[in-house]
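J.: What follows is a structure written as structure tokens; I'll ask about it next.
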Amino acid sequence: MGGIKVYIPDELERKFREVAMRLYGYGRGSLSIASEKAISAWLSQVSEFLEVAESIEDPVEAIYGMLSHVKKSGVEVQHEARKVRAEKALKYRDVD
């Protein structure tokens, strides 16, 4: 059996330990079980994404025409996207 040493923020570690032990018990192995399940779920999710991404031969062709219904110019869309990203960044900054 392999071993991986990872470094995560203290708060995330505390929450992970708490939930893993509540779910799998307070004995030995509960963190290993929870870690295995978390890594397996992550691998499954990422593998699906990679399969889709790798199956696209021409990414430009794949998205061609997706924004044909938008009545704004490319510059207007860029400015609007910049505002949305700035608002999200401020929102996430205030959460931490």
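The values are calculated or read from the model by the stated rules, or taken from the named source; none is laboratory data. The shown structure was predicted, so the numbers you read here are calculated from the model rather than taken from an experiment. Cβ placement follows ideal geometry from the backbone for every residue including glycine, while neighbour counts extend to all protein chains displayed.
J.: Report those helices (runs of 4 or more DSSP H) wholly inside the stretch 1-84 carrying at least 3 residues which are of a type in the set (S, T, N, Q) and surrounded by 11 or more Cβ atoms within 10 Å (Cβ to Cβ).
T.: By residue number, 30-55.
J.: Would a scan of the stretch 71-90 turn up a residue that is over 22 Å from the mean Cα position of the chain (by Cα), hydrophobic (A, V, I, L, M, F, W, C) and modelled with pLDDT of 80 or more?
T.: Looking through the stretch 71-90, at least one residue is over 22 Å from the mean Cα position of the chain (by Cα), hydrophobic (A, V, I, L, M, F, W, C) and modelled with pLDDT of 80 or more.
J.: Further question: Are there any pairs, at least 6 apart or on different chains, whose C-beta atoms fall under 7 Å, with the first in the stretch 27-50 and more than 13 Å from Ile4 (Cβ to Cβ) and the second surrounded by 10 or more Cβ atoms within 10 Å (Cβ to Cβ) and hydroxyl-bearing (Ser, Thr, Tyr), and if so, which?
T.: Here the result reads Ser30/Tyr24; Ile33/Tyr24; Ala34/Tyr24, each pair linking the stretch 27-50 to a residue that is surrounded by 10 or more Cβ atoms within 10 Å (Cβ to Cβ) and hydroxyl-bearing (Ser, Thr, Tyr).
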